[in-house]
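Chemist: Sharing a structure here in structure tokens format.
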Amino acid sequence: MDSRNVELITRAVLQALEGADKTGPKMTVPVGVSARHIHLTQEHVEALFGAGYHLTKKKDLMGGQFAANEQCTIVGLKLRAIENVRILGPVRKASQVEISATDARTLGVNAPLRESGDTAGSAPIALVGPKGVLYLEEGCIVAARHIHMTPEEANAAGLKDGDYVSVRMGNERGAVLDKVKIRVDPSFSLEMHIDTDEANACQVSQGDSAELL
């Protein structure tokens with residue numbers, strides 16, 4: 001065997017060993033299935049529930065958020081409606097409705113895929129509460145999947161805020177989901193957020209585990 005072949009074989013072996021070193025234990029994250037929900041400004045809370053009204057807490061969520069007891073109906077452009085949509089608090093600077101792609105077809109709205117808070121130019125939607133009706137010229141989106149992490153968890157995984165990863169999840173109907181954005185904040189708990197469409201497609205439930213690739 002000449003020296004050139006020996007060099008090629010040696011290089012191939014070293015590359016294979018490097019690849020093997022990277023196939024050790026992978027980080028797993030719990031899955032959180034995010035159903036359709038609403039964020040409101042205080043002005044819009046009062047428009048729907050009455051002057052001086054404040055949201056009441058049903059359940060604490062991560063990052064200082066909470067699921068409110070209050071719900072309302074969302075109505076699309078073709079007057080198709082979905083009732084009993086949960087409102088999340090605390091109030092925000094801009095109102096926003098997060099739905100799935102299936103919900104968007106049901107309502108007849110062209111809701112774009114966006115990160116939470118990115119509502120410029122998004123779909124219009126109407127909301128109906130017990131004390132009033134509200135029309136948003138923009139604010140209805142399909143929320144992009146993402147993973148919440150603390151800075152310590154991100155450092156351990158070699159990741160930073162704004163990175164994208166691929167994730168494997170599910171069993172018999174499992175799939176690899178690409179372009180999962182990493183969000184890092186000290187107030188977060190480790191959890192991957194997907195919507196009900198993604199959860200149903202992969203047959204995963206709240207609290208199941210996903211593996212970062």
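All of the numbers you see were taken from the coordinates with simple rules; none came from a lab. Just so you know, these numbers come straight off a predicted model, no measurement behind them. Because the Cβ atoms are built from the backbone with ideal geometry, glycine has one as well, and the counts that use them run over all protein chains shown.
Chemist: Of Glu172, Glu43, Glu198, how do they rank once you tally other Cβ atoms within 10 Å and put the fewest first?
Modeler: Numbers: Glu172 6, Glu43 10, Glu198 21.
Exposure proxy ranking, most exposed first: Glu172, Glu43, Glu198.
Chemist: Taking the Cα centre of the range 35-143 as origin and charging only Cβ (+1 Lys, Arg; -1 Asp, Glu), how large is the dipole, in debye to the nearest 20?
Modeler: Numbers: 12 positive and 11 negative charges, 54 e Å.
Computed charge dipole of the range 35-143: roughly 260 debye.
Chemist: For the Cα atoms of the chain, what angle does the longest principal axis make with the long axis of helix 3-21, in degrees from 0 to 90, nearest 10?
Modeler: 40
Chemist: Just rank Thr73, Thr119, Thr56, fewest to most, by other beta-carbon atoms within 10 angstrom. Don't skip to the end; give the middle numbers.
Modeler: Details: Thr73 16, Thr119 21, Thr56 11.
Ordered by Cβ neighbours within 10 Å, fewest first: Thr56, Thr73, Thr119.
Chemist: If I stretch the segment between Tyr135 and Ala35 completely, what's the gain in nm (0.36 nm per residue apart, minus their alpha carbon distance), one decimal?
Modeler: Numbers: separation 100, 0.36 × 100 = 36.00 nm, distance 2.14 nm.
That works out to 33.9 nm of additional length.
Chemist: Under a point spin-label approximation (7 Å from Cα along Cα-to-Cβ), what is the Lys93-Asp178 distance to one decimal in nm?
Modeler: 3.4
Chemist: For the chain, what does the relative contact order come out to in percent, with C-alpha contacts under 8 Å and a separation of six or more? Show your work: numbers first, answer last.
Modeler: On the way: 459 pairs, mean separation 51.4, N = 213.
About 24 percent, as a whole number.
Chemist: For every helix of n ≥ 4 consecutive DSSP H residues, a contribution of -39,500 (n - 2.57) applies; sum these over the chain, divide by its total residues, and give [θ] at 222 nm rounded to the nearest 500 deg cm²/dmol. It would help to have the intermediate numbers written out before the result.
Modeler: Working: 5 runs with 48 residues, N = 213.
Roughly -6500 deg cm²/dmol at 222 nm, from the helical runs in the chain.
Chemist: Next question, about the same structure. Determine the gain in length on full extension of the stretch Ser166-Ala201; use 0.36 nm per residue of separation and subtract their C-alpha separation, reporting nm with one decimal. Mind dumping the intermediate values first?
Modeler: Values: separation 35, 0.36 × 35 = 12.60 nm, distance 1.64 nm.
That works out to 11.0 nm of additional length.
Chemist: Let's test the formula: R0 of 22 Å, r as the Cβ-Cβ distance of Glu43 and Ser187. What FRET efficiency results, to the nearest 0.05?
Modeler: Values: r = 26 Å, r/R0 = 1.16.
Calculated transfer efficiency: 0.30.
Chemist: Taking +1 at the Cβ of each Lys and Arg and -1 at the Cβ of each Asp and Glu, which of Gln71, Met169, Val184 sits farthest along the dipole of the range 66-200 towards its positive end, judged by Cα position relative to the Cα centre?
Modeler: It is Gln71.
Chemist: Only counting other Cβ atoms within 10 Å, I'd like Asp195, Asp103 sorted with the fewest neighbours first. Before the final figure, lay out the partial values.
Modeler: Numbers: Asp195 21, Asp103 24.
Going from least to most buried by this count: Asp195, Asp103.
Chemist: With the dipole of the range 35-143 worked out from charges on the C-beta (+1 for Lys and Arg, -1 for Asp and Glu) around the Cα centre, which of Ala47, Ile125, Ile87 lies farthest toward the positive end?
Modeler: So the residue we want is Ile87.
Chemist: In debye, nearest 20: dipole of the range 94-213 around its Cα centre with unit charges on the Cβ of K, R (+) and D, E (-)? Spell out each step's value before the answer.
Modeler: On the way: 10 positive and 19 negative charges, 48 e Å.
Roughly 240 debye, rounded to the nearest 20.
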